[in-house]
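Here the structure comes first, spelled out in structure tokens, and everything after it is commentary.
The values are calculated or read from the model by the stated rules, or taken from the named source; none is laboratory data. Being a predicted model, the structure only gives us computed values, none of them experimental. When we count neighbours, we look across all protein chains shown, and the Cβ atoms used for this are built from the backbone with ideal geometry, even at glycine. Ligands, DNA and RNA are excluded from the accessible area calculation, which covers all protein heavy atoms including side chains. Shrake-Rupley method; radii C 1.70, N 1.55, O 1.52, S 1.80 Å.
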Amino acid sequence: MSGFDVKVENVVAFVSLGKDIELKKISGRLKDAEYSPDTFPGVIYRIAQPKTANLIFSSGKIVCTGSKSVEEAGIAVNKVVDDLRKLKVKLPNSFDMRIENIVASTQIEAMGRLNLEDISFALENVEYEPEQFPGLVFRIAEPRVAFLLFGSGKIICTGARNVEDIHRALVKFRRKLESIGVHTRPIKAKPKEKPKELKEPKGKAA
């Protein structure tokens, strides 16, 4: 791998079932479903496990967003399809899921000051307008991703279709920075502390 500690923040997945769905019919029978055709053409169906928002369209297309991994996206989509089948909606036995976008984050530390303005002048394919947005946008053609680099060293990656491409792109980005004299190192995320056990109070309740 790249040596970067990559945290997946959101996975957007797409499925086409190839069958029309009567949205008005299902929206009234699906728990936690929202349907306001005047403002949005699809049903917004939220599920708790995994926590996702699923957009169901009358054409049979489903967009799943909010999962923290490709595996979670698959579980969520399968649950949505199963819930539709329970409502007697006729759907194909098999379907393909396509990953449209993975948003991930990581952190770097610069050996010296991380000056976004200097980087924007030295690199190509860069957008930096601090009056409008505090981060520097750097695009890579292969794999096709965009990075948002902040002065704190935080990096947001968007546009990737798999986690491997994120690592490949991060290696290229780091080399680009090194080529203009900006030397960095990945920072490992701190493990979350386990909550302290509550001690039972002494004495009896009144």
Degrees between helix 70-86 axis and first principal axis of the chain (Cα, 0 to 90, nearest 10)
10 degrees
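What does the charge count around Lys19 come to, taking other residues whose C-beta lies under 12 Å from its C-beta (Lys +1, Arg +1, Asp -1, Glu -1)? List each step's numbers first, then the result.
On the way: positive: Lys61, Arg85, Lys90; negative: Asp20, Glu22.
Residues near Lys19 contribute +1 overall.
How big is the charge dipole of region 75-182 about its Cα centre, in debye rounded to the nearest 20, if each Lys and Arg gets +1 on its Cβ and each Asp and Glu gets -1 on its Cβ? Each step should come with its number before you reach the end.
Values: 16 positive and 15 negative charges, 148 e Å.
I would put it at about 720 debye.
Which value, in Å², gives the accessible area per residue of the chain when a 1.4 Å probe is used on the protein heavy atoms? Show your work: numbers first, answer last.
On the way: 13500 Å² over 206 residues.
For the chain, the per-residue accessible area is 66 Å².
What's the carbon and sulfur percent of the chain's accessible surface, probe 1.4 angstrom, rounded to a whole number?
Details: 6780 of 13500 Å².
Using a 1.4 Å probe with all protein chains present, the chain comes out at 50 percent carbon and sulfur.
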Working only with C-alpha atoms, what are the Rg and Dmax values of region 1-109, expressed in angstrom?
15.3, 54
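Quick one: compute the contact order of region 3-144, relative version, from alpha carbon pairs under 8 angstrom and 6+ residues apart, as a percent.
On the way: 222 pairs, mean separation 41.0, N = 142.
Over region 3-144, the number comes to 29 percent.
Show His183, His167 ordered by accessible area, largest first, where the area counts protein heavy atoms only and the probe is 1.4 Å.
His183, His167
For a protection proxy built on the mean count of beta-carbon atoms within 10 angstrom, sort 147-159, 31-43 highest first, please.
Working: 147-159: 18.4, 31-43: 13.2.
Going by the mean number of other Cβ atoms within 10 Å, highest first, we get 147-159, 31-43.
Net charge around Ser120, counting only other residues with Cβ within less than 15 Å of its Cβ (Lys, Arg = +1; Asp, Glu = -1)? Don't jump to the answer; show the numbers that get you there.
Values: positive: Arg113, Arg139, Lys176; negative: Glu117, Asp118, Glu124, Glu127, Glu129, Glu131.
Combined, the nearby Lys, Arg, Asp and Glu give -3.
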Dipole magnitude (debye, nearest 20) for the chain, charges at Cβ of Lys, Arg, Asp, Glu:
1100 debye
